[in-house]
Amino acid sequence: MKNYKLIAVLAGGAVFLLAALGWTVFLDTPAPGSRAAEVKIAKGATAGEVARLLESQGVIRSAFLFRVVSRVNGYDGRIRAGRYTVPAGLRTDEIARFLAVTSPRPLEIRVTVAEGLTITEIASLLERKAVVDSAAFTAFATSSAIAESLGVDNATLEGYIYPDTYFIHEGAKAFDVIRMMRGRLTEVLPDSLLTRARKLGFSLNEMLTLASLIETEAASDEERPVISSVFHRRLKAGLPLQANPTVQYALGVKRRVYNGDLDVNSPYNTYLRRGLPPGPIANPGMKSILAALYPADTRYLYFVSNGSGGHVFSRTLAEHNAAAARYRMQRAHRSR
């Protein structure tokens, strides 16, 4: 009788072990509808939190088995924070090993804002690169109330979003990104430059406005201080700046400016209105800011495209008209 009981116990244990083994093998198989999955592991996440995340996203069948496999194989503590693309069709033990040996992509997305972009162009860039809501970004950046709250002496934040490389969380809130970029401008502008601006009779807004004109006109770094000298001399002489990018800004498009466009009724049209426009027309970088504050010593009052990516600078209207005529002839010849 005792032998029968022993056999029954052993048989029951064997059945249990077989069932447990079978269940373990089943849990180790790829999750239902297995497909490549994006997984983001936060900084400081524990092995248990990683396991529960994977189970909740349907990447694995069992968080418990993932914990066991990770501990047995020494994967605990080797899984780093970041973004992973887990391939389809992997078993739980293979996923644990994949996460332990794979270098993750950073949680923060690197976004480089180039010099000379406008608010709307930056908004579009941020939405493409970091999934920042472009409509919200534009609305905040063009709000006079937001501008005032961030210490901006302008109706919008145009010109105050400093071109730089930023690390942004995917889906970051638009206002937080704007505040970070506005703060970056404050960080990079030393008191010496602000003192220099005041010495020239410029407010911060006027300095950035002039820098934005230089940014949108200059074809090379060497041209920036020369173009700045033209604008400085025209401002001093009371001549309209006649900068085509201000007309483009007034029109809301970046394209060739035609004679008919020069009559657009806007405070930004520097053909109709003397002096600087009311605010920046783009977001200038440091080279253009320095050029605005330290113009070259020239006698130029005019410049026009040379048709090769640069400009011809002139001292007199006659010289300028001749250079403009040559440019028109070159353009007409290329269009044939």
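The values are calculated or read from the model by the stated rules, or taken from the named source; none is laboratory data. Being a predicted model, the structure only gives us computed values, none of them experimental. Cβ: placed from backbone, ideal geometry, glycine included. Neighbour counts: every protein chain shown.
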Margin query: Going by what's in this entry, would residue 166 be described as at pLDDT 95 or above, among the aromatic types (Phe, Trp, Tyr), in contact with a strand residue (DSSP E or B) (Cβ under 7 Å, 6 or more places away or on another chain) and within 23 Å of residue 137 (Cα to Cα)?
Written below: yes
Note to self: I need a count of the residues in the stretch 247-263 that are crowded, with 17+ Cβ neighbours inside 10 Å and in a loop (DSSP other than H, G, I, E, B).
What the structure shows: 1
Checklist line | Candidate set: the stretch 40-75, residues that are without any contact (Cβ under 8 Å) to a residue 12 or more places away in the chain and not in a loop (DSSP other than H, G, I, E, B); chosen: the one nearest to residue 89 (Cα to Cα) | finding: 55
Note to self: Just the residues that are outside any helix (DSSP H, G or I), surrounded by fewer than 17 Cβ atoms within 10 Å (Cβ to Cβ) and not hydroxyl-bearing (Ser, Thr, Tyr), please, taken from the stretch 151-177.
What the structure shows: 151, 153, 155, 167, 169, 170, 171, 173
Notebook entry, point to check: Taking the stretch 307-319, which residues are within 32 Å of the chain's Cα centre (by Cα) and assigned to a loop (DSSP other than H, G, I, E, B)?
Noted result: 307, 308, 309, 310
Margin query: Go through the stretch 81-108 and report how many residues are buried (at least 17 other Cβ atoms within 10 Å of the Cβ) and outside any helix (DSSP H, G or I).
Written below: 5
Item checked: Extreme residue, farthest from the chain's Cα centre (by Cα), among residues of the stretch 271-304 that are under 17 Å from residue 241 (Cα atoms) and among the aromatic types (Phe, Trp, Tyr) -> 300
Notebook entry, point to check: Is there a residue in the stretch 115-122 that is in contact with a Ser or Thr (Cβ under 8 Å, 6 or more places away or on another chain), under 20 Å from residue 292 (Cβ atoms) and at pLDDT below 95?
Noted result: no
Next item on the list: Check 273, 233, 184 and return the single one that is surrounded by 15 or more Cβ atoms within 10 Å (Cβ to Cβ) and assigned by TED's automatic domain parsing to the domain that holds residue 112.
Entry: 184
Notebook entry, point to check: Out of (1) under 30 Å from residue 123 (Cα atoms); (2) in contact (Cβ under 8 Å) with a residue 60 or more places away in the chain, what's the single condition that is false for residue 262?
Noted result: (2)
Next item on the list: Tell me which residues, restricted to the stretch 109-119, are surrounded by 16 or more Cβ atoms within 10 Å (Cβ to Cβ) and either β-branched (Val, Ile, Thr) or not in a loop (DSSP other than H, G, I, E, B) (or both).
Entry: 109, 111, 113, 118, 119
Next item on the list: Any chance you could count how many residues in the stretch 184-218 are in contact with a helix residue (DSSP H, G or I) (Cβ under 9 Å, 6 or more places away or on another chain) and either among the hydroxyl-bearing types (Ser, Thr, Tyr) or assigned to a loop (DSSP other than H, G, I, E, B) (or both)?
Entry: 8
Checklist line | Test: residue 239 is under 17 Å from residue 275 (Cβ atoms), of a type in the set (A, V, I, L, M) and buried (at least 18 other Cβ atoms within 10 Å of the Cβ) | finding: no
Next item on the list: Please work out which one of (1) on the phi > 0 side of the Ramachandran plot; (2) at pLDDT 85 or above is the condition residue 33 fails and give its number.
Entry: (2)
Check: Among the residues of the stretch 106-140, which ones are on the phi > 0 side of the Ramachandran plot and either in contact with a Pro (Cβ under 8 Å, 6 or more places away or on another chain) or of a type in the set (D, E, K, R) (or both)?
Finding: 116
Next item on the list: Hey, can you tell me all the residues within the stretch 47-80 that are surrounded by fewer than 17 Cβ atoms within 10 Å (Cβ to Cβ) and under 21 Å from residue 169 (Cβ atoms)?
Entry: 49, 56, 57, 80
Check: When only residues in the stretch 192-213 that are under 22 Å from the mean Cα position of the chain (by Cα) and of a type outside the set (Gly, Ala, Ser) count, which is nearest to residue 150 (Cα to Cα)?
Finding: 208
Notebook entry, point to check: Can you name the number of the only condition in (1) outside any helix (DSSP H, G or I); (2) surrounded by 14 or more Cβ atoms within 10 Å (Cβ to Cβ) that residue 122 fails?
Noted result: (1)
Margin query: Tell me whether the stretch 294-314 contains one or more residues that are within 19 Å of residue 159 (Cα to Cα) and of a type outside the set (D, E, K, R).
Written below: yes
